[in-house]
Amino acid sequence: MSDKLKNLNPFALKKLLYNKKFIIPLSIFLAFVLWLVIITQENPIRERSFTNLTLSVNLENTFASENSMNIVGDLSSQKVSVVVRGPSYVVSSLRSEDLTVYVSAASVDEPGVYTLDVMASRSSTNYEVLSVSPSTVKVEFDYFDTKEFTVKADAKGATAVEGLIAEAGIVSGIEGDVLKVTGPRSKVNKIASVVAVCDVNRVLSATESFDAEINLLDEEGKKISPQNITLNAENVKVKVPISKKKTVSVVADFTNFPEGFDEYSIKYSIDHPKVDIIGSPEVIDKISKITLSAVDVSQISLSNKEFDVTPKLPDGVRLVDNFETFKVSINTTGYIEKTVAVTNVKAINLKSGLKSTQSQIKFVKICGPRAAVNKITADMITAQVDLQDKGEGQHSLNVAFSFKTYKNVWVVGTYNTTVTISKK
């Protein structure tokens, strides 16, 4: 026994053993040393299972990644169990994050379904992986394409109250009625049409909108499962317009006729004198006729008397037969043409302090009923030029004509005259 122990006071040692500040840390230290000795010397081996591990796919440097192929479906729903074995103190401290379960796509060289081995990587070499379950999984690979389809509406069972019409549904919630469909090429290529379907099954008295379901159809009209398909629109609706149909007369309109001209003196016929129109009931009820775009009277002659014009329709109203143009034929029976020189050329709106001179207009062709045209002389025709905002110098200006006495004669074509403006 050393001199220090021989000289140790037994009373002081006993007092130290009853000191909590000394004895508690000492006990903890000794327990740890004892546990470490047991673990180290005994080194018990144990197994441990990990469940619900998420499976991943390694696409790095594979044919699939280099050729823009993707996995069809969601592999995150595939759960894997792993059993590991190792020293108890190592295995006990493991977490799920220390294990990575994956499949390699190295063997994938074209679209299709592959059976791939499931593997597990560990965070250290202090333990081993005994088993992985399932040991293999089926994974589908394909190119992903995006195609655009014009969506048609199908409002099933939509009818209207008596006197009104339930028209074909209109798709809303999709820009321009065009839907973008993205998915595996093998599946997208089977889509022939896209329909927005809603179940109405009742009688409507006014326009309504309904929530719709997108149906992807093949060439035979059979539904294609939307699984693994992505659409660029979610909240799609179908509007069912409730309209009214009415038969109305079609009338021609005219423009650019001489001052004082009697528009009703022009006799004409229209290839479709009556048409059926359709639109919202409140608008249709106010319409008694459809007017066509105006015919320029100055273009009517014995050799040019048929004109293709378009209908002027209120917003929301359309023709049932969808005529794009109407033919207006001018009845010139009993009409003649002749050429005269117009010497009576007047200026209007000339600025103060200025004067003007206008040259006569030779070879002005006029057209109208024989009796009227034969009696018209040059002094019965007035040509008028508007000098609004015109200053000194020479100007070539369009001329407007008027006739004395006769209200059913017009000038064929357009004419200019030279006007010289100078100071008084």
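Points worth noting:
- In terms of its alpha-carbon gyration tensor, the stretch 311-420 comes out oblate; a/c meets the 1.5 threshold, while b/c is at least as large as a/b.
- Taking a straight Cα-Cα cut-off under 30 Å and skipping sequence neighbours fewer than 8 places away in the same chain, the lysines within cross-link reach of K223 are K138, K147, K152, K156, K180, K187, K190, K237, K239.
- Averaging the Cα positions of each part gives two centres, and for the stretch 82-129 and the stretch 277-311 these lie 79 Å apart.
- Acute angle (nearest 10 degrees) that the helix 20-42 long axis makes with the longest principal axis of the chain, alpha-carbon atoms: 90
- Each residue of the stretch 79-93 was assigned a 3J(HN,Hα) from its phi angle through the Karplus curve 6.51 cos²θ - 1.76 cosθ + 1.60 (θ = phi - 60°); the sequence is 9, 10, 10, 10, 10, 10, 9, x, x, 4, 5, 7, 5, 5, 8 Hz, with glycine and proline shown as x.
- Rounded FRET efficiency, nearest 0.05, which uses the C-beta distance separating S76 from E148 and R0 of 30 Å: 0.55
- Cut-off under 5 Å, modelled amide H: who pairs with S131 long-range: V83
- GNM remark for the chain: springs join alpha carbons under 10 Å apart, and the peak mean-square fluctuation among I191, I214, I28 falls on I28.
- Residue by residue, the stretch 52-58 carries 3J(HN,Hα) couplings of 6, 7, 7, 8, 10, 10, 8 Hz when phi is fed to the Karplus relation 6.51 cos²θ - 1.76 cosθ + 1.60 (θ = phi - 60°); x denotes Gly or Pro.
- Formal net charge of residues neighbouring Y335 (Cβ-Cβ distance under 13 Å; K, R +1; D, E -1): +4
- Rg/Rg_ref, the chain, where Rg_ref = 2.2 N^0.38 Å and atoms are Cα: 2.17
- Taking all Cα pairs closer than 8 Å and separated by 6 or more residues, the relative contact order of the stretch 322-393 comes to 42 percent.
- Among L313, L354, L217, the largest mean-square fluctuation in a Gaussian network model of the chain (Cα springs under 10 Å) belongs to L354.
- Taking K286, K246, K237 in turn, the Gaussian network model of the chain (Cα-Cα springs below 10 Å) assigns the largest fluctuation to K286.
Every number in this text was worked out from the coordinates using simple rules, so none of it is lab data. Everything numeric in this text was worked out from a predicted model, so none of it was measured. Methodologically, a virtual Cβ is constructed for each residue, glycine included, from the backbone with ideal geometry; neighbour enumeration extends over all protein chains shown.
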